[in-house]
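Nothing in this text is a laboratory measurement; each read-out follows from the coordinates by a stated rule. Keep in mind that this is a model prediction, so the values were computed, not measured. Don't worry about glycine lacking a Cβ; one is built from the backbone with ideal geometry, like all the others, and counts go over all protein chains shown.
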C-alpha cells in the first residue's frame, strides 16, 4: 500500500509585504480568512524573497534555484524551460498539478501565450503571462485558447481554481483518469489515491492600486490610512508608478486589494472544509516580494529593506505542522525543496534552497543561520537609484548590504531598529558582527554570482541578448 501523499494548495500574491495582514498586527487592513489560516497553521515571521522583483522571485519559488541558474534573473527574462520545477517532482510521484493565474516567466511581450514546453511541467493550465488590469482579466487554457475573466481577476481566477479542484476530486472519487492523460487499465483504488497540487498566482495587490471593482473602489477613495513609520515624502526622483502619485490613495488601494484577496482565501478554505480535505491538504499563502509604498522614500520593490524583501508566509497541515508563530528563517529558494520534503519527495537535480520540512514539523529545530538576498539587474524604477545592484545577508535580526563591488554600504539591527532607519555599518561596536556577516555574505556571492558589474554578469550567463530584447520592448511600450 502506497503512503498517502498530501494534497497541496499553494497561493501566492504579487507585492504583498509581511506587515500588512491582520495577524501581523495591522489593524487597518481586514484579513479574517488569512488570520484564521494563521491560527490553524505555522506563521513564519522571517520569510524573505531572495530577489525581490516579480520574475526572479517566481522562478526561484518554483525551482528552488537562484535567479542566475534558472535564467529569469531580471523582470521579463524568460525562465529556462529545462529547469526542474516542483511540478516535475510532484508529477513523477503521481500528482495532478495545476497552475492558475499570473505566470510572468515567459519573457516579453507580457501578453504572449505560454507553450506547453515552457510551463515547467504543470499539467492543468489556466494562466496568463502577465496582466495587471484586474478589471480586464483573461486566461489561456491548455490549448492556448484565450478567454476573458468577467469582473475582478483574482475572483475569476479563484473560480477557475475551484473548478479544477471539483474536477480532480470528482475524478478521484469516480476512479477516472486525470484530466489530460489516458491510462488504460488504471485501477480505481490507484485513481482514488492520486493527490492534487494547485498553484494559484494573483497579480494583486501589485499596482495599479486603484484598479478595483465597485463598490470597493468608491469606498477606497474615501478611506484614510496611516503610513508606516519609516515613510518619507516626497518619493525620490526616478521612482515610477503606473498611476499618478498619491501615497494616501496607493495605501488605501493596496489594502483594498489585500482584503479582496482575503475573500478568495476564504472561498478556498471553505471548499476544503466542506470537501473534508483540510486534514489531507497542505495550504500555503505567501507572496513573491513586498512593496516599499513610500518607506525610505521608495516605491515598488528591488530594495533590500524589509518592506521589499519580507513576505507573509503561512502554512497549514493539521496533524503534521504545529500551529504557531515561528522564528526560523525561510526564503523563497527553500519553498520548492521544502514542499517536496513534506510530501516525502526530493529533487534529483541540484537546488540552491534547503529542505525545511523538518523545521516545519518541529518548531524546536533551529533551522538555517541566514538567507542570501540580491538584486542583480536594475530594471524599471531601479535604474535611477543610488544603489542599482546589490547583495545582502540577513539572519532575521540584522541585515548587511554591499554594492556590486563588494563594499559594505549599510547595516541594520532590526531588533533595536525594526524600521531600519539607523545605519550601523560604520559603528565600531558592530565591527565584529559586521566582519562575520561579511565573510558569510562573500561565501554566498562566490557560490552564486560574484561581485561583477551587472552588465558583465548577464553576458557571462548568456542573458544579455534576452535583456536587450526586453529593454527594446519596454522602451517602445512607454514611448507610445
Cα gyration tensor category, rounded, prolate or oblate, for the range 298-353 with a/c compared to 1.5
oblate
Taking Cα atoms, how many degrees apart are the long axis of helix 247-275 and the longest axis of the chain, rounded to 10 and kept between 0 and 90?
30 degrees
Could you give the C-alpha radius of gyration of the chain expressed as a fraction of 2.2 N^0.38 Å, taking N as the number of residues it contains?
0.94
Order of 35, 76, 273 under a 10 Å beta carbon neighbour criterion, fewest first:
273, 35, 76
For peptides 294-300, 426-432, sequence by mean Cβ density within 10 Å, most packed first:
294-300, 426-432
What FRET efficiency, computed as 1/(1 + (r/R0)^6) with R0 = 51 Å and r the Cβ-Cβ distance, is obtained for residue 39 and residue 409, rounded to the nearest 0.05?
0.80
Ordering of 338-351, 92-105 by burial proxy (mean other Cβ atoms within 10 Å per residue, highest first):
92-105, 338-351
Give me 271, 390, 317 ranked fewest to most by other Cβ atoms within 10 Å of their Cβ, as a rough exposure proxy.
271, 390, 317
Tilt of helix 54-63 relative to the longest C-alpha principal axis of the chain, in degrees (0 to 90, nearest 10)?
50 degrees
Sorted by average packing, counted as other Cβ atoms within 10 angstrom per residue and highest first, what order do 18-30, 137-149 take?
18-30, 137-149
What distance in nm separates the two pseudo spin-label positions at residue 91 and residue 136, each 7 Å out from Cα along the beta-carbon direction?
3.4 nm
Overall form of the range 399-439 per C-alpha gyration tensor (a/c, 1.5; a/b vs b/c)
oblate
Length released on extending from residue 144 to residue 465, taking residue separation times 0.36 nm less the Cα-Cα span
112.9 nm
Of 389, 218, 232, how do they rank once you tally other Cβ atoms within 10 Å and put the fewest first?
218, 232, 389
Simple spin-label model, 7 Å along Cα-to-Cβ: residue 280 to residue 446 in nm?
5.0 nm
Treating each Cα of the range 14-153 as an identical point scatterer and ignoring solvent, apply the Debye formula and state log10 I(q)/I(0) at q = 0.17 Å⁻¹.
-1.09
Cα gyration tensor shape of the range 337-480, rounded if a/c is under 1.5, else prolate or oblate by comparing a/b with b/c:
oblate
For the chain, find the longest principal axis of its Cα atoms and tell me its angle to the long axis of helix 153-174, 0 to 90°, nearest 10.
40 degrees
